[in-house]
Amino acid sequence: TVGISGKDVFGESTTAEHGIGQIGRTKDGRTFKYAKAGAALVVGNALQAPVQDVDHDNIAVRATAIGSTALLITAGSSGGALDANEYAEGFAVIDTTPGLGYCYRISDHAAIAADANGTINLVPEDAIEVALTTDSKVTLVQQPYKNVIQMPASTLTNMIVGGAVYPTASASFGWIQMGGPGACLIEDTPAAGQPLTISDTAGALGVHSAELPNVAYMLVTGRDDKVLPVCWTIGG
């Protein structure tokens, strides 16, 4: 966790000044995460992690020894190609035994063509713990705070990661809010203290229902289509 000021959150950069996912806290207890924008971010909008690429689920693995930081895979056919560093700073989860359940951090990787052998480089401290065989499978996931986008209307396509506090250009870096008093676009008129979740309006929070995540609370009586005070509860 790094200490940040209110002024620190009002800015963007074309180069990363912190690690993606770095937690920042202000003296008043508000919590932020350092993120990369996958599209232009609008102040007051709720944000979501990048959409999952299902072609990178359950990927074939080639024999990879204990202690290796080179995870050997064979990309799927058709849409299974990987762009260079598409999953850099993300995670590789072994979803089929041997090695079932281990989650490894990804350092970098070259482009891998569909239906071709390739290598996913892991960070040195995340070397393979259990030897992998051709029976093993791996699912790749991007760092949730890399390439964040506006939360869609009605149906989430990944988890809600926080709220935009500064207009951030696509591919630029900056802080997004996860905890404490802040602001968000509101749908309908939830009461003060009402828990909030995804709504029928993109980027807006609305009245919570049991099946959906509770990510904030109203701090005032809601007014439809207004950016209003909320208390974010996503945490760190």
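A few comments on the model shown:
- Selection count, the range 27-52, where residues are over 16 Å from residue 169 (Cβ atoms), assigned to a loop (DSSP other than H, G, I, E, B) and touching a residue at least 40 places away in the same chain (Cβ under 8 Å): 8
- Output for the range 225-236, where each listed residue is in a loop (DSSP other than H, G, I, E, B) and surrounded by 15 or more Cβ atoms within 10 Å (Cβ to Cβ): 234
- Output for the range 140-161, where each listed residue is open to solvent by 40 Å² or more (accessible area, probe 1.4 Å) and part of a strand (DSSP E or B): 141, 147, 149, 150
- Among the criteria (1) open to solvent by less than 70 Å² (accessible area, probe 1.4 Å); (2) touching a residue at least 60 places away in the same chain (Cβ under 8 Å); (3) not hydrophobic (A, V, I, L, M, F, W, C); (4) not in a strand (DSSP E or B), the one residue 87 does not fulfil is (2).
- Test: residue in the range 64-80 that is among the polar types (S, T, N, Q) and under 18 Å from the mean Cα position of the chain (by Cα): no
- Filtered by the rule that a residue be over 23 Å from residue 21 (Cβ atoms) and either open to solvent by less than 70 Å² (accessible area, probe 1.4 Å) or touching a helix residue (DSSP H, G or I) at 6+ places or on another chain (Cβ under 9 Å) (or both), the range 90-105 gives 96, 98, 99.
- Of residues in the range 215-224 being more than 18 Å from residue 144 (Cβ to Cβ) and in a loop (DSSP other than H, G, I, E, B), the one nearest to the chain's Cα centre (by Cα): 219
- Pairs where the first residue, in the range 179-204, is acidic (Asp, Glu) and the second is open to solvent by less than 30 Å² (accessible area, probe 1.4 Å) and part of a strand (DSSP E or B), C-beta under 8 Å, 6+ apart: 187/204; 187/205; 187/206; 188/206; 200/206
- Taking the criterion of being over 20 Å from residue 32 (Cβ atoms) and open to solvent by 40 Å² or more (accessible area, probe 1.4 Å), the residues of the range 162-201 that qualify are 188, 189, 191, 192, 193, 194, 200, 201.
- Any pair with Cβ under 6 angstrom, 6 or more apart, that starts in the range 212-236 at a residue that is touching a residue at least 12 places away in the same chain (Cβ under 8 Å) and ends at one that is assigned to a strand (DSSP E or B) and of a type in the set (Phe, Trp, Tyr): 216/232; 231/217
- Scan of the range 1-47 for residues that are within 13 Å of residue 161 (Cα to Cα) and out of contact with any strand residue (DSSP E or B) (no Cβ under 8 Å at 6 or more places or on another chain), ordered by number: none
- Among the residues listed as 44, 24, 29, the single one being open to solvent by less than 20 Å² (accessible area, probe 1.4 Å) and at positive phi: 44
The values are calculated or read from the model by the stated rules, or taken from the named source; none is laboratory data. No experiment lies behind these values; they were computed from the predicted model shown. Cβ: placed from backbone, ideal geometry, glycine included. Neighbour counts: every protein chain shown. In case anyone asks, the SASA skips ligands and DNA or RNA and just uses the protein heavy atoms, side chains included. Shrake-Rupley method; radii C 1.70, N 1.55, O 1.52, S 1.80 Å.
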